[in-house]
1. Looking only at other chains, what is the average number of their beta-carbon atoms within 10 angstrom of each beta-carbon in B:156-166?
2. Before we go on, tell me the buried accessible area for the A/B pair, both chains summed, 1.4 Å probe, in Å² to the nearest 100.
3. For the stretch B:94-143, give the percent of accessible area contributed by carbon and sulfur heavy atoms, probe 1.4 Å, rounded to a whole number.
4. Please compute the per residue accessible area over the protein assembly as shown with all protein chains in place, 1.4 Å probe, rounded to a whole number of Å².
5. Please report the relative contact order for chain C, taking Cα pairs under 8 Å with a sequence separation of at least 6, and give it as a percent rounded to a whole number.
6. Is the shape of the stretch C:1-117 rounded, prolate or oblate, going by the alpha carbon gyration tensor and its root eigenvalues a ≥ b ≥ c, with a/c under 1.5 for rounded and a/b larger than b/c for prolate?
7. Could you derive backbone 3J(HN,Hα) for the stretch B:36-49 from the dihedral phi with the Karplus parameters 6.51, -1.76 and 1.60 (θ = phi - 60°), listing whole Hz in sequence and x where the residue is Gly or Pro?
8. Once ligands and nucleic acids are excluded and a 1.4 Å probe is used, how much of A:GLU6 is accessible, expressed in Å² to the nearest 10?
Amino acid sequence: MSVLWEVFVRPRRGLAHAHVGSLHAADAETALRNARDVYTRRSEGVSLWVVPASMITASSPDEQDSFFEPAGDKVYRHPTFYEVPDAVDQM
Amino acid sequence: MPSTRCEDGPDAGTAGAAASDRIYLLGLADDALIASHRLSEWVARAPDLEEDIALANIALDLLGQARMLLGYAGELTDPVLTEDDLAYLRPADEFRNAVLVERPNGDFAVTIVRLLLLAAYQYELYAGLRTAADARLAAIAAKSVKEVAYHRDHARLWTLRLGSGTAESRRRMETALAAEWPWFCALLGDDRADRSCRHWVAEVLGTATLELPEDRVATPSGRDGVHTPDLDAILAEMREVTAAHPGATW
Amino acid sequence: MTTFEQVIEDLGRVEPRDAMPDDYRATLIRQIAQHAHSEIIGMQPEGAWITRAPSLRRKAILLAKVQDEAGHGLYLYAAAETLGVDRADLLDALHTGRQKYSSIFNYPSLTWADVGTIGWLVDGAAIVNQVPLCRCSYGPYARAMVRICKEESFHQRQGFESLHALSHGTPEQHAMAQDALDRWWWPALMMFGPPDSASPNSERSTAWGIKRFSNDTLRQRFVDMTVPQAAVLGLRIPDDDLAWNEERGSWDFGEVDFAELAEVVAGRGPCNAERIAHKVRADAEGAWVREAADAYAASGGAR
């Protein structure tokens, strides 16, 4: 049974690979070539990753509150939290 | 529309040289054009959606090569002809493509075997032509060799899978190889490029655990303008619309 | 209010692992699958003309266009798969008639002019339908539509250009173009579905943010967009009731034959049987290839 693969493309040098979609293939080598034919027909990329969809461990929406909300009030992690005297040009 | 017959004019010398270059270009162009035609017959028929897209990509590459080469060959013709003049109006006996590429598609194994052989052959040709004295041809070859390298890789990938996949896929590959091999042999001589091409194909077949067929040369090769009725059928289909509207532009 | 309801109310995006009502999921699966099937079946009427395209330039354009449709079908099947179904099952539903595809592809493509007309009208209508879907509430569907709309922007143009060459060509070419418009105009208007008064699922789909505009709204938008283009082509739209309505700032147009649409949707169009038979045959002929690929992978032949 053919496997579902997630496809990641690096649009150009200097950028990270980003998820663009998925496809089916029986094995990794075929998946990589299919990704080239399906997702880079219009020069969308310079590098490809394919990952079996089943290999991805994802956070669950049920855990969204406990995972992501606690970060919300840690404003001191952001530079705009701090006041710098006008005399300081750049910091 | 002037005749596109390619017999040399009365003056030999440079005109003769141009004619032979032109015939050589037509061989390359027609291989690509006719192979592209056959591959495009797979559209909406491939074993899966991903392969449908892959075969269309290869057909588009080959069509692009054909257009560049026909455009160039047309410029070497007196009076000058366009790519469409050469594709749509040239008599079948002036087509220089290998018979290998005009044969009907058959099953997917036949298509893969033929692509393996054609791409291996084109790869060596284009690789060599990258350093041709003719700068225009060298540029076309430099672009095309990258494309056929991918075609070769695609055919190799499937040859390995079909060669050792199931008993049925193996049987179909053996049948296809036996049928296509003599048409491949018809194309090859014994120069370095041809030997290198054979060597690569033999290696792929070995990895796929498929036996190398015995050499037998089928005729005609197609290179001298003699073809099978399959080419007539292709050209009739290709020209169905244009033949009904002579002189129209599209 | 559930998280789902909140997301819908905020015009946010629902993502695959979110909790969602079963009906929402089922509606999306049905709609996305039908959309994917339409792309795949839609390859046939135009695909049949690739080998006969009258110039190498047109051949390359058409080949690339039909290939895009395969790609679009693939993106959409992938979007449907995020809802917990398999592509193989969706294809099986198509092959056995349990899922539908757009009625438009059950009409035959009789001449070369049909290829241009399909690009201009059918892709034009598809774009009108699809652009709002880029803001659909289901994230993977909306993202697939963004990619599809971006890629499809050349499809309508190439059709228009091809048809323009015909309508400004020889008298025979012009006649061929007019004949194609005569045959495709009304089926193109049917692509927007039944009238709002008879569109059973519209209200719920709108509430869920799957559908943004009603069938009749989109149909009118298409007519308003297309009438001036037909004038540029020098072709006559086959509708005696077509008239500019100053008050509405829109074109009035004749009655669409929705009985015909119902017949085609029910499987009794000119090409329903042929389209499915072609697809089923291709699938059956490719079975041994897919089995071989699976066997090779299972044996560890590939890295």
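The values are calculated or read from the model by the stated rules, or taken from the named source; none is laboratory data. Keep in mind it's a predicted model, so treat the numbers as computed, not measured. Neighbour counts run over all protein chains shown; Cβ positions are idealised from the backbone, glycine included. Keep in mind that these areas ignore ligands, DNA and RNA; they rest on the heavy atoms of the full protein, side chains included. Shrake-Rupley method; radii C 1.70, N 1.55, O 1.52, S 1.80 Å.
1. 6
2. 1100 Å²
3. 59 percent
4. 44 Å²
5. Worked out over chain C, it gives 19 percent.
6. In terms of gyration-tensor shape, prolate.
7. Each residue's phi maps through the Karplus curve to give 4, 4, 4, 5, 5, 5, 7, 4, 6, 9, 5, x, 8, 4 Hz.
8. A:GLU6 exposes around 30 Å² with every protein chain in place.
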